[in-house]
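A.B. asks: Pasting a structure here, questions to come.
The values are calculated or read from the model by the stated rules, or taken from the named source; none is laboratory data. This structure is a prediction, so every number in the text was calculated from the model and none was measured. Positions of Cβ are generated from backbone atoms using ideal geometry, with glycine treated the same way; all protein chains shown enter the neighbour counts.
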Amino acid sequence: MLVPVEESLYNAFENGVTADKILSFLQQNAHPRVDDRILSVPENICDRIRLWESNFNRDEMTRPHYYDEFPSRDVFEAACDYARDQSGLQWEDSKKCV
């Protein structure tokens, strides 16, 4: 039974391997006992691999930044507002201005 691992597939996508190439490889290297009349890779697995490729191509990851030691509360709040507007604020501590 084929159980694809999302992380391994993402590593392949990062190295330029497409979902179609992965599926072609799996189909060409299916066990000889697999009947030629049926799909050697189940349709739900094909769909899952293509979905993960689509998600990989859509998502863009950037490294987070931690900011502290703001010169004033106003600068801290302005930075938080900007990060919120950009959908980039992941966490803040208003009491500590970080």
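A.B. asks: Does residue 75 satisfy the condition of being at pLDDT below 90 and surrounded by 11 or more Cβ atoms within 10 Å (Cβ to Cβ)?
C.D. replies: Judged against the criteria, residue 75 is not a match.
A.B. asks: Right, next: Scan segment 26-40 residue by residue and report those that are modelled with pLDDT of 85 or more and of a type in the set (A, V, I, L, M, F, W, C).
C.D. replies: 26
A.B. asks: Considering each residue of segment 80-98, count those that are free of Cβ contacts under 8 Å to residues at least 24 places away in the same chain and under 17 Å from residue 63 (Cβ atoms), and give that number.
C.D. replies: Total meeting the criteria: 6.
A.B. asks: Would you mind finding the one in 44, 11 that is polar (S, T, N, Q), surrounded by 10 or more Cβ atoms within 10 Å (Cβ to Cβ) and not in a loop (DSSP other than H, G, I, E, B)?
C.D. replies: 11
A.B. asks: Across segment 47-86, what is the number of residues that are charged (D, E, K, R) and part of a loop (DSSP other than H, G, I, E, B)?
C.D. replies: Within segment 47-86, residues that are charged (D, E, K, R) and part of a loop (DSSP other than H, G, I, E, B) number 5.
A.B. asks: Note down all Cβ pairs under 7 Å where the first residue falls in segment 53-68 and is of a type in the set (Asp, Glu), the second is assigned to a loop (DSSP other than H, G, I, E, B), and they're at least six residues apart or on different chains.
C.D. replies: 53/18; 68/98
A.B. asks: Which numbered condition in (1) surrounded by 12 or more Cβ atoms within 10 Å (Cβ to Cβ); (2) touching a Lys or Arg at 6+ places or on another chain (Cβ under 9 Å); (3) not small (Gly, Ala, Ser) is the only one that residue 49 fails?
C.D. replies: (2) is the only condition that residue 49 fails.
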